[in-house]
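Worksheet: the structure to be examined is printed underneath.
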């Protein structure tokens with residue numbers, strides 16, 4: 001994957017102190033939304049994403065617990081959000097009925113949204129405009145909703161907090177109407193959220209009208225031992241929950257789903273793809289400074305594509321020696337390797353997701369998420385490595 005720059009993290013203590021005031025301002029960034037964030041631990045091992053399969057049952061008839069369990073798999077997200085539609089000024093239809101008409105599939109899966117509409121204390125804003133639903137990830141989240149005013153000076157444009165519409169240290173889901181005067185990314189409300197795990201974000205909710213109305217989700221750059229550096233999104237968008245194939249339950253994710261969720265733009269839009277067996281046959285790939293791997297063709301059990309050899313050289317030497325050898329084949333997106341060390345004492349078997357760059361010069365390889373196995377040339381404690389094509 002492409003490597004990207006970092007944004008500096010701040011500590012949970014500083015974040016909590018900022019949140020308590022709720023009067024600070026946030027400079028508007030050009031392009032992506034700028035957000036204040038807390039550094040969290042690295043994304044949980046993807047193995048844990050497949051160990052539980054909760055289901056929507058009678059004990060959770062309104063869908064809230066189900067959604068929160070779903071959101072718990074998105075470790076970067078601080079709070080969930082969905083867009084329910086644009087309500088015109090002067091519309092007299094009862095809000096619950098309006099939502100039922102505007103987003104029928106969503107409320108069928110998550111009927112608790114209609115319950116919010118009946119609680120006037122949790123319906124915030126002008127009563128018309130773009131309607132968003134915000135759902136804290138847990139019952140210990142703090143949430144504040146303020147009206148905001150955009151002030152410009154010689155240094156830029158800033159949102160300043162105005163009237164407080166909602167504040168709770170044990171926040172419940174809320175509905176928020178947002179409007180703007182001149183620019184669609186300068187809405188008149190601001191959301192500030194602090195999750196029970198310490199994640200923090202601020203956002204003036206808006207839809208990107210230059211990009212098909214998608215939500216302007218704030219993010220920061222983060223490194224994960226499994227996926228490298230990616231855009232960590234601070235909001236979990238469940239607008240299409242239950243109706244969009246891209247919202248596949250993380251309870252049933254495989255490694256491909258996991259990578260697409262973490263960095264969809266990197267693996268979907270820049271042409272990186274999964275190679276066929278024939279594309280790997282008779283190729284060699286450098287694995288860091290001291291290892292390389294060679295994929296052969298045939299001369300083996302016909303169930304496999306060929307033989308594979310993994311070479312290593314000592315730090316100050318030039319000559320490589322075979323350390324592991326065995327068999328390989330492609331299984332859909334995964335490279336299956338079954339190797340044994342030359343001493344015969346160690347085996348290394350696994351199915352590794354691989355993606356090759358459009359130029360064919362780079363190959364991203366990921367750990368076997370099912371077993372936790374990593375190839376011998378991976379740095380201990382990491383789950384991702386970029387290999388480069390070797391011409392000799």
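Conditions (1) in the same structural domain as residue 345 (by TED's automatic domain parsing); (2) in contact with a strand residue (DSSP E or B) (Cβ under 6 Å, 6 or more places away or on another chain); (3) over 22 Å from residue 355 (Cα atoms), marked per residue:
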| residue | (1), (2), (3) |
| --- | --- |
| 289 | yes, no, no |
| 293 | yes, yes, no |
| 297 | yes, yes, no |
| 312 | yes, yes, yes |
| 316 | yes, no, yes |
| 319 | yes, no, yes |
| 324 | yes, yes, yes |
| 327 | yes, yes, no |
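Could you please give the count of residues in segment 95-121 that are within 28 Å of the chain's Cα centre (by Cα) and part of a helix (DSSP H, G or I)?
Keep residues of segment 95-121 that are within 28 Å of the chain's Cα centre (by Cα), which gives 99, 102-114, 116.
Applying the additional criterion that residues be part of a helix (DSSP H, G or I) yields 99, 102, 104-109, 112-114, 116.
Within segment 95-121, residues that are within 28 Å of the chain's Cα centre (by Cα) and part of a helix (DSSP H, G or I) number 12.
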Residue under evaluation residue 140, criteria (1) in contact with a strand residue (DSSP E or B) (Cβ under 6 Å, 6 or more places away or on another chain); (2) within 21 Å of residue 67 (Cβ to Cβ); (3) assigned to a loop (DSSP other than H, G, I, E, B), criterion not met: (1)
Test: residue in segment 302-309 that is part of a strand (DSSP E or B) and in contact (Cβ under 8 Å) with a residue 40 or more places away in the chain: no
Scan of segment 99-132 for residues that are closer than 22 Å to residue 213 by Cα and either without any contact (Cβ under 8 Å) to a residue 12 or more places away in the chain or not assigned by TED's automatic domain parsing to the domain that holds residue 170 (or both), ordered by number: 101, 104, 107
Residue match in segment 58-75 (condition: surrounded by fewer than 17 Cβ atoms within 10 Å (Cβ to Cβ) and either outside the structural domain of residue 154 (by TED's automatic domain parsing) or at pLDDT below 50 (or both)): yes
Every residue from segment 145-189 that is surrounded by 13 or more Cβ atoms within 10 Å (Cβ to Cβ) and free of Cβ contacts under 8 Å to residues at least 24 places away in the same chain: 162
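The values are calculated or read from the model by the stated rules, or taken from the named source; none is laboratory data. This structure is a prediction, so every number in the text was calculated from the model and none was measured. Counting neighbours? That spans all protein chains shown, and the Cβs are built from the backbone with ideal geometry, glycine included.
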